[in-house]
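Novice: Next up is a structure, given as structure tokens.
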Amino acid sequence: NALHYARPAYLIYLACRTIATYAIFRKRYHFLSAVLPKYVRLFTIDNNATISEPLLFWPFRGAAVATDMRQGGRNQALWEDHIARAWGHHFGNFESFLNAASQLEFILEFNSYLFEGIQNPQIKLIQQLGNKSMAYLPDFWTNRLDPTVPIAELFYDILREQRGLPNEFMIDKRAGDLVFAPLESQDRLIFLGGFLSDLKTWQGQVMMQQNRFPFTFDWPGRLKEIVKAYKARQKPPQ
């Protein structure tokens with residue numbers, strides 16, 4: 001019954017991720033600014049990794065942990081492995097936890113999208129100077145997008161009025177400023193519409209690769225409108 005060598009680091013990660021999820025559950029978003037910008041070196045057997053990634057991503061890619069995430073996804077596995085026993089009463093039930101965890105996934109994937117989905121040399125330079133990996137695999141290959149609507153609408157409200165998102169939603173605010181500062185309100189919203197469109201498309205593609213039918217889902221109301229506006233801009237001129 002020897003302790004798995006990755007277990008102490010994994011439990012520290014799990015605690016940080018749970019605190020971030022709880023901040024979202026209680027809508028105390030300002031607490032996220034204390035943990036989102038933190039980076040750690042990738043966890044490997046030899047401890048010689050030179051690449052860092054955001055703490056709340058998944059820094060255990062180089063070291064398998066004893067948690068099976070193949071069936072229900074990361075958040076369900078984390079809940080069943082430790083969160084339910086240690087902190088479950090703070091969330092009330094699994095559904096409440098998963099809703100908040102899905103919103104955290106949305107925030108993390110949006111930050112990854114700024115670095116990985118945008119062809120901006122200045123953003124790439126920020127990444128290279130810190131030798132950082134910003135690639136993220138969101139949990140939506142197994143979980144629905146419905147719980148993310150509230151945080152997507154909050155992003156809509158902010159980007160409609162401001163030239164960027166506040167620190168509490170940003171891993172590296174420099175990247176957000178580079179993208180949003182030159183854009184007017186409607187263009188910022190259309191950028192968000194592109195992210196929403198790409199996220200749904202990615203989910204459908206991944207589920208089809210797993211021989212699963214994609215979830216029936218469409219972004220509602222004003223979110224649907226900015227997705228339509230984004231797609232209209234992508235059509236080639238007649």
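The values are calculated or read from the model by the stated rules, or taken from the named source; none is laboratory data. Quick caveat, the model's predicted, so the values are computed rather than measured. Cβ coordinates were reconstructed from backbone atoms using ideal geometry, including for glycine residues, and neighbour counts include every protein chain displayed. Please note that ligands, DNA and RNA were not included when accessible areas were found on the heavy atoms of the full protein model with its side chains. Shrake-Rupley method; radii C 1.70, N 1.55, O 1.52, S 1.80 Å.
Novice: Among the numbered criteria (1) within 30 Å of Ala49 (Cα to Cα); (2) touching a Lys or Arg at 6+ places or on another chain (Cβ under 8 Å); (3) open to solvent by less than 20 Å² (accessible area, probe 1.4 Å), which one does Ile126 miss?
Specialist: (3)
Novice: Has the range 169-186 got any residue that is closer than 17 Å to Ser102 by Cα and among the acidic types (Asp, Glu)?
Specialist: Looking for residues that are closer than 17 Å to Ser102 by Cα and among the acidic types (Asp, Glu), one finds none in the range 169-186, hence no.
Novice: Contact list please: Cβ distance under 6 Å, first residue in the range 182-211 and more than 28 Å from Glu161 (Cα to Cα) and in contact (Cβ under 8 Å) with a residue 60 or more places away in the chain, second residue buried (at least 20 other Cβ atoms within 10 Å of the Cβ) and of a type in the set (Phe, Trp, Tyr), pairs at least six apart or on different chains.
Specialist: Within 6 Å, the pairs are Gln203/Phe140.
Novice: Of Phe25, Phe94, which residue is more than 21 Å from Ser112 (Cβ to Cβ), in contact with a His (Cβ under 9 Å, 6 or more places away or on another chain) and open to solvent by 60 Å² or more (accessible area, probe 1.4 Å)?
Specialist: The match here is Phe25.
Residues are listed down the side, and each one gets a yes or a no for (1) of a type in the set (D, E, K, R); (2) at negative phi; (3) modelled with pLDDT of 95 or more:
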residue	(1), (2), (3)
Gly72	no, yes, no
Ala77	no, yes, no
His82	no, yes, no
His89	no, yes, yes
Gly92	no, no, yes
Phe97	no, yes, yes
Ala100	no, yes, yes
Ile107	no, yes, yes
Asn111	no, yes, yes
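Novice: Now a separate question. Any residue at all in the range 173-181 that's charged (D, E, K, R) and in contact (Cβ under 8 Å) with a residue 12 or more places away in the chain? Steps first, answer last, please.
Specialist: Step one: of the range 173-181, the residues charged (D, E, K, R) are 173-174, 177.
Of the ones still in play, those that are also in contact (Cβ under 8 Å) with a residue 12 or more places away in the chain are 174, 177.
Yes, the conditions are met somewhere in the range 173-181.
Novice: Take the range 45-56 and flag every residue that is crowded, with 16+ Cβ neighbours inside 10 Å and either without any contact (Cβ under 8 Å) to a residue 24 or more places away in the chain or not in a strand (DSSP E or B) (or both).
Specialist: Ala49, Leu55, Leu56
Novice: In addition: Are there any pairs, at least 6 apart or on different chains, whose C-beta atoms fall under 7 Å, with the first in the range 92-104 and in contact (Cβ under 8 Å) with a residue 12 or more places away in the chain and of a type in the set (Gly, Ala, Ser) and the second assigned to a loop (DSSP other than H, G, I, E, B) and open to solvent by less than 30 Å² (accessible area, probe 1.4 Å), and if so, which?
Specialist: Ser102/Asn143
Novice: Take the conditions surrounded by fewer than 22 Cβ atoms within 10 Å (Cβ to Cβ), out of contact with any Ser or Thr (no Cβ under 8 Å at 6 or more places or on another chain) and among the acidic types (Asp, Glu) and apply them to Glu168. Does it pass? Before you say what the answer is, go through the steps one by one.
Specialist: Numbers: surrounded by fewer than 22 Cβ atoms within 10 Å (Cβ to Cβ): yes; out of contact with any Ser or Thr (no Cβ under 8 Å at 6 or more places or on another chain): no; among the acidic types (Asp, Glu): yes.
No: the conditions fail for Glu168.
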